[in-house]
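One structure is given below, encoded as structure tokens.
The values are calculated or read from the model by the stated rules, or taken from the named source; none is laboratory data. No experiment lies behind these values; they were computed from the predicted model shown. Virtual Cβ from ideal backbone geometry, glycine too; neighbours counted across all protein chains shown. For accessibility, only protein heavy atoms count, side chains too; no ligands or nucleic acids. Shrake-Rupley method; radii C 1.70, N 1.55, O 1.52, S 1.80 Å.
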Amino acid sequence: MNEQKLTLKDLIKSKAQEFGLPRLIITGFLLLLLVLSPIVGADLPTQISNIINRFSWNGILVLAMVPMIHSGCGLNFGLPLGIISGLLGATLSIEFGFEGPVSFIMAALLATPFALVLGSVYGWLLNKIKGGEMMIATYVGFSSVSMMCMMWLLLPYHSPNMVWGMAGKGLRTTISLEGYYTQALASFLQINIGNLTIPTGALLFFALLAFGMWAFLHTKTGTAMTAVGSNPDFARSAGINVDKIRMISVVMSTWLAAIGILVYEQGFGFVQLYMAPFYMALPAVSAILIGGATVNKASIMNVVIGTILFQGIVTMTPTVMNNMIHLDMSEVIRIIVSNGMILYALTRKTEGTR
Amino acid sequence: MEKAPLLEMRNIKKDFNGNQVLSDINITLREGEVIGLCGENGAGKSTLMKILFGADVIRETGGYGGDILINNEKVSFQSPFDAIAAGIGMVHQEFSLIPGFKATENILLNRESKKKSILSDLFSDRLDTLDRNEMNRIAQEAIQQMGVNIDKDMVINDMPVGHKQFTEIARELSKKQLKILILDEPTAVLTEKEAEALLDSIRGMSKRGIAVIFITHRLGEILSVCDRVVTMRDGYVVNETPASETSIPEITSWMVGRDVADTGSSYVTEDIGKDKRTILSIKKLWVDMPGETVRNVNLDVREGEILGIGGLAGQGKLGIPKGIMGLCNAGGEINFDGQDIPLNDPRKCLDASFAFVAEDRRNVGLLLDESLEWNVSFPAMQVQDKYLKKYFGGLIKWRDDEAIKKVTAKYIDELKVKCTSTKQKARELSGGNQQKICLAKAFALNPKLLFVSEPTRGIDVGAKALVLDALKKLNKEQGVTIVMVSSELEELRQTCDRIAIVSGGKVSGILPAGEKLEKFGELMLMNC
Ligand SMILES: Nc1ncnc2c1ncn2[C@@H]1O[C@H](COP(=O)(O)OP(=O)(O)OP(=O)(O)O)[C@@H](O)[C@H]1O
Ligand SMILES: [Mg+2]
């Protein structure tokens with residue numbers, strides 16, 4: 001009897017340990033916010049819809065972190081490169097005059113070759129500088145964004161929906177997707193119960209890609225990818241072409257980022273150009289770290305939990321605070337919270353045992 | 001009244017997630033005393049020493065029970081730094097050196113001799129400059145104490161394993177406050193001659209009043225340097241006897257818990273395989289393996305034989321398989337079964353049904369953070385498409401976890417690997433058991449030609465016969481040709497048909513395994 005209790009306690013303890021104290025605290029905080037929100041007068045269903053929606057926008061961008069972590073290339077701070085491929089797909093699709101949901105499919109198709117080519121170049125670069133991947137990734141992200149800042153102005157786009165009205169050329173910073181693919185996924189089988197909206201289609205799309213990733217990691221090549229990340233010398237001695245596997249992981253990550261940004265846009269309703277891609281990498285990195293991933297281990301569960309926790313806190317904190325002090329500080333609080341989370345996630349012990 | 005012992009460990013207990021690995025261990029140690037700690041693989045020797053040294057793994061896995069007293073005062077080390085400050089030094093079973101640093105820098109890590117400069121006077125002693133001359137002197141002195149010749153300016157990556165081992169020991173020796181030195185299988189990678197040098201330096205330390213705890217699976221060494229032998233089995237101390245009153249068979253029976261019949265090893269004394277056909281011919285092989293350079297090796301391996309490769313450390317014996325398997329830069333001609341095998345491409349060797357068990361299990365041998373299942377099955381899966389389920393005409397190759405589990409369980413059983421399940425992480429196994437996993441990995445490839453380097457490194461006396469028998473069985477029953485590299489001549493003689501001795505990066509001669517020891521000795525020293 002006594003022994004039984006002990007094992008149960010041990011079981012709970014070991015489960016809690018597995019989940020990790022930091023995540024436990026963050027989950028507790030999120031639950032606290034959820035409990036508080038009706039008390040301070042915010043509408044709970046709206047809040048929950050908000051979290052679910054933001055999850056559906058961001059999930060794939062976080063998922064894009066997984067392949068590179070598995071292959072030992074670390075956290076993909078070069079995410080903007082993939083995002084830029086996505087943006088090229090998006091703008092070209094509009095330029096070519098596709099409309100409605102079709103424009104989403106075309107954007108994805110047009111983004112793919114860019115993601116493959118840019119991803120290969122990026123992968124080649126990362127293979128040249130093994131050991132310093134994350135630093136180079138950051139530079140790649142940085143410089144690609146700056147480079148594209150010029151290109152968005154110079155590329156010969158003409159669609160009146162995208163270019164500056166006065167000049168008639170050069171792309172605007174924000175482009176509305178009204179009439180194109182706004183809510184293209186989200187409205188598919190959408191569920192509305194009072195104030196609660198669930199973007200079923202977007203969630204299914206995430207689930208599809210997440211399943212694809214999970215399945216890939218169970219194949220021969222996926223297994224090789226994990227082994228390369230775990231011990232490249234071991235993999236090499238087992239006849240694996242380490243550079244090739246790393247290359248595959250970088251291309252996958254870049255392509256997922258391209259698709260990820262399109263899904264983000266369909267939810268958000270706008271295409272954001274210029275500096276916008278630059279701000280997408282850190283939240284994705286933080287989310288997967290908060291989800292419990294380390295620099296060389298990540299699972300689909302880490303992605304799901306991390307995205308919910310990160311987006312939950314970032315959306316809930318400002319609302320609850322605003323309602324408590326009746327002052328619109330949402331932007332300020334959002335910045336403080338999201339940067340705080342990022343800082344916390346990055347300072348956490350992320351270096352898995354190597 | 002008797003003086004209090006230097007070290008006393010009382011009722012030490014340790015479990016990893018409920019798996020009890022140490023129970024009620026009591027050990028005392030006096031100044032200048034040398035005790036030998038022996039026990040089967042996984043008996044808990046390394047764990048006990050890690051507890052004494054305040055290792056992080058112990059704290060992270062829930063600490064330990066019992067007390068440690070030094071000079072009659074209870075201590076509780078929070079980290080290895082505390083242990084070092086208390087005068088304890090440890091040479092780990094697996095190396096803990098910094099790869100990109102020179103020997104000197106490793107020896108004096110964190111204890112560098114420093115010179116004051118204006119900057120450090122103004123700001124803090126963090127800005128002191130290094131006194132390289134002084135550092136070189138101390139390092140040189142420590143190296144000399146061991147009576148071996150290693151280059152203090154050589155970078156760790158470039159060293160043969162034996163030299164790495166000596167660098168580690170020199171690091172501990174150069175600590176002035178050293179009172180207790182723990183040596184966890186320091187001789188496993190050394191040849192007899194090098195080991196002898198090490199034993200001498202242990203004797204020297206003991207004269208200077210340093211107490212030594214010496215772990216080894218070579219029981220002869222224990223008898224020759226230790227004052228007392230402590231035998232462990234399954235986490236208990238089962239026996240403690242003065243070394244002068246016991247013998248190897250006796251210790252072995254304590255370790256295993258039963259009498260171990262002497263296998264009555266017989267040597268192959270004649271060159272019996274002259275008429276066998278040559279299956280692997282190596283011509284003008286050079287290999288750029290740091291510290292084990294191969295200069296010009298010409299060697300024919302006969303079909304179905306076990307060929308031993310011996311020689312002193314640093315002479316190039318370890319470089320031969322590394323080079324052929326494409327893990328080190330190499331040149332020359334390799335012909336296997338009438339087919340030319342290109343060098344520097346591991347995949348081509350594996351496709352030609354070669355397999356290799358490397359001597360450094362931590363670096364190329366294992367996926368430490370993955371399960372035993374992955375470790376055993378990975379090469380076979382990747383090279384031969386084993387343990388995969390194929391869908392859509394082979395378009396999707398899905399990992400067959402069931403089959404993987406089965407084959408892992410089979411080898412765990414066959415090689416008597418001590419583990420909690422097939423899902424356990426390789427990192428959590430004891431050194432000897434990790435070695436067995438490396439062998440299982442190669443067996444799973446069903447090779448035609450198997451290279452094994454130091455196959456019994458860190459494996460206990462009982463299991464050693466098991467491993468060598470497994471190799472012999474593979475050779476007899478499946479006709480696998482085996483090339484075995486080892487620093488232990490005796491082990492080669494018991495297992496092989498012929499033994500090639502490598503010296504100065506060349507083969508200095510090939511003898512039948514049963515040839516007189518002096519003959520081997522002559523060959524070893526030929527080109528040095
Ligand atoms: N970090 C760990 N987590 C779980 N189990 C562990 C861990 N470290 C060691 N063990 C277990 O503790 C037992 C004792 O291991 P230890 O390394 O002390 O053996 P050993 O006597 O040094 O053996 P060897 O001669 O093979 O080196 C083994 O069964 C091993 O699997
Ligand atoms: Mg050990």
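If you take the residues in region B:353-364 that are within 9 Å of chain A (Cβ to nearest Cβ) and surrounded by 21 or more Cβ atoms within 10 Å (Cβ to Cβ), which one is farthest from residue B:310 (Cα to Cα)?
Taking the candidates together, the pick is B:364.
Hey, does region B:188-210 have a residue that's within 22 Å of residue B:87 (Cβ to Cβ), of a type outside the set (D, E, K, R) and within 16 Å of ligand 2 (Cβ to nearest atom)?
There is no residue in region B:188-210 that is within 22 Å of residue B:87 (Cβ to Cβ), of a type outside the set (D, E, K, R) and within 16 Å of ligand 2 (Cβ to nearest atom).
Inspect region B:477-486 for any residue being closer than 25 Å to residue B:43 by Cα and within 16 Å of ligand 1 (Cβ to nearest atom) and give the result as yes or no. First the steps, then the outcome.
From region B:477-486, those closer than 25 Å to residue B:43 by Cα are B:486; that's our starting set.
Narrowing the set further to residues that are within 16 Å of ligand 1 (Cβ to nearest atom) leaves none.
Looking for residues that are closer than 25 Å to residue B:43 by Cα and within 16 Å of ligand 1 (Cβ to nearest atom), one finds none in region B:477-486, hence no.
The rows are residues; the columns are (1) open to solvent by less than 10 Å² (accessible area, probe 1.4 Å); (2) under 15 Å from the mean Cα position of the chain (by Cα); (3) away from ligand 2 (no atom under 16 Å from the Cβ).
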site: B:422; (1), (2), (3): no, no, yes
site: B:428; (1), (2), (3): no, no, no
site: B:461; (1), (2), (3): no, yes, no
site: B:468; (1), (2), (3): no, no, yes
site: B:475; (1), (2), (3): no, no, yes
site: B:506; (1), (2), (3): no, no, yes
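Restricting to region A:149-196, name every residue that is of a type in the set (S, T, N, Q) and part of a strand (DSSP E or B). Can you show your working first?
Step one: filter region A:149-196 for residues of a type in the set (S, T, N, Q), giving A:159, A:161, A:173-174, A:176, A:182-183, A:187, A:190, A:192, A:195.
Listed by number, the residues that qualify are A:174, A:176, A:192.
So residue B:57 ticks every box in (1) buried (at least 16 other Cβ atoms within 10 Å of the Cβ); (2) closer than 25 Å to residue B:457 by Cβ; (3) without any contact (Cβ under 8 Å) to a residue 24 or more places away in the chain but one. Which box is left unticked?
(1)
Determine whether residue B:52 is surrounded by fewer than 19 Cβ atoms within 10 Å (Cβ to Cβ), at pLDDT 90 or above and either away from ligand 1 (no atom under 16 Å from the Cβ) or not β-branched (Val, Ile, Thr) (or both).
Working: surrounded by fewer than 19 Cβ atoms within 10 Å (Cβ to Cβ): no; at pLDDT 90 or above: yes; either away from ligand 1 (no atom under 16 Å from the Cβ) or not β-branched (Val, Ile, Thr) (or both): yes.
It is false that residue B:52 is surrounded by fewer than 19 Cβ atoms within 10 Å (Cβ to Cβ), at pLDDT 90 or above and either away from ligand 1 (no atom under 16 Å from the Cβ) or not β-branched (Val, Ile, Thr) (or both).
Kindly indicate whether any position in region B:26-35 is within 12 Å of ligand 1 (Cβ to nearest atom) and not polar (S, T, N, Q). Outline the logic, then answer.
The initial filter retains those residues of region B:26-35 that are within 12 Å of ligand 1 (Cβ to nearest atom), namely none.
No, that holds for no residue.
Restricting the search to region B:365-384, which residues are among the polar types (S, T, N, Q) and surrounded by fewer than 24 Cβ atoms within 10 Å (Cβ to Cβ)? I'd like the intermediate steps shown before the answer.
Quick first cut of region B:365-384, residues among the polar types (S, T, N, Q) only: B:371, B:375, B:377, B:382, B:384.
Once the filter is applied, which keeps residues that are among the polar types (S, T, N, Q) and surrounded by fewer than 24 Cβ atoms within 10 Å (Cβ to Cβ), region B:365-384 yields B:371, B:382, B:384.
For region A:72-98, give me each residue that is of a type in the set (A, V, I, L, M), in contact (Cβ under 8 Å) with a residue 60 or more places away in the chain and part of a helix (DSSP H, G or I). Before you say what the answer is, go through the steps one by one.
Step one: filter region A:72-98 for residues of a type in the set (A, V, I, L, M), giving A:75, A:79, A:81, A:83-84, A:87-88, A:90, A:92, A:94.
Checking which are in contact (Cβ under 8 Å) with a residue 60 or more places away in the chain leaves us with A:75, A:79, A:81, A:83-84, A:87, A:90, A:94.
Across region A:72-98, the qualifying residues are A:79, A:81, A:83, A:84, A:87, A:90, A:94.
Can you list residue pairs whose Cβ atoms sit under 9 Å apart, with the first residue in region B:418-446 being within 11 Å of chain A (Cβ to nearest Cβ) and in a helix (DSSP H, G or I) and the second being more than 16 Å from ligand 2 (Cβ to nearest atom) and among the polar types (S, T, N, Q)? Count only pairs 6 or more apart in sequence or on different chains.
B:426/B:371; B:426/B:375; B:427/A:353; B:438/B:375; B:441/B:375; B:441/B:377
Considering only region B:430-453, how many residues are in contact with a Leu (Cβ under 8 Å, 6 or more places away or on another chain), within 16 Å of ligand 2 (Cβ to nearest atom) and either hydroxyl-bearing (Ser, Thr, Tyr) or at pLDDT below 90 (or both)?
Selection size over region B:430-453: 0.
Just for strands (runs of 3 or more DSSP E) wholly inside region B:292-344: which have at least 2 residues that are more than 24 Å from residue B:379 (Cα to Cα) and open to solvent by less than 30 Å² (accessible area, probe 1.4 Å)? Before you say what the answer is, go through the steps one by one.
Details: elements: B:294-302, B:306-310, B:330-336.
Strands (runs of 3 or more DSSP E) meeting the threshold: B:294-302, B:306-310.
Given the conditions (1) within 16 Å of ligand 2 (Cβ to nearest atom); (2) open to solvent by less than 40 Å² (accessible area, probe 1.4 Å), report the number of the one that residue B:96 does not fulfil.
Answer for residue B:96: the failing condition is (2).
Scan region A:198-209 and give yes if some residue there is within 25 Å of residue B:391 (Cα to Cα), at the interface with chain B (Cβ under 10 Å from one of its Cβ atoms), in a helix (DSSP H, G or I) and free of Cβ contacts under 8 Å to residues at least 60 places away in the same chain, otherwise no.
Scanning region A:198-209 turns up no residue that is within 25 Å of residue B:391 (Cα to Cα), at the interface with chain B (Cβ under 10 Å from one of its Cβ atoms), in a helix (DSSP H, G or I) and free of Cβ contacts under 8 Å to residues at least 60 places away in the same chain.
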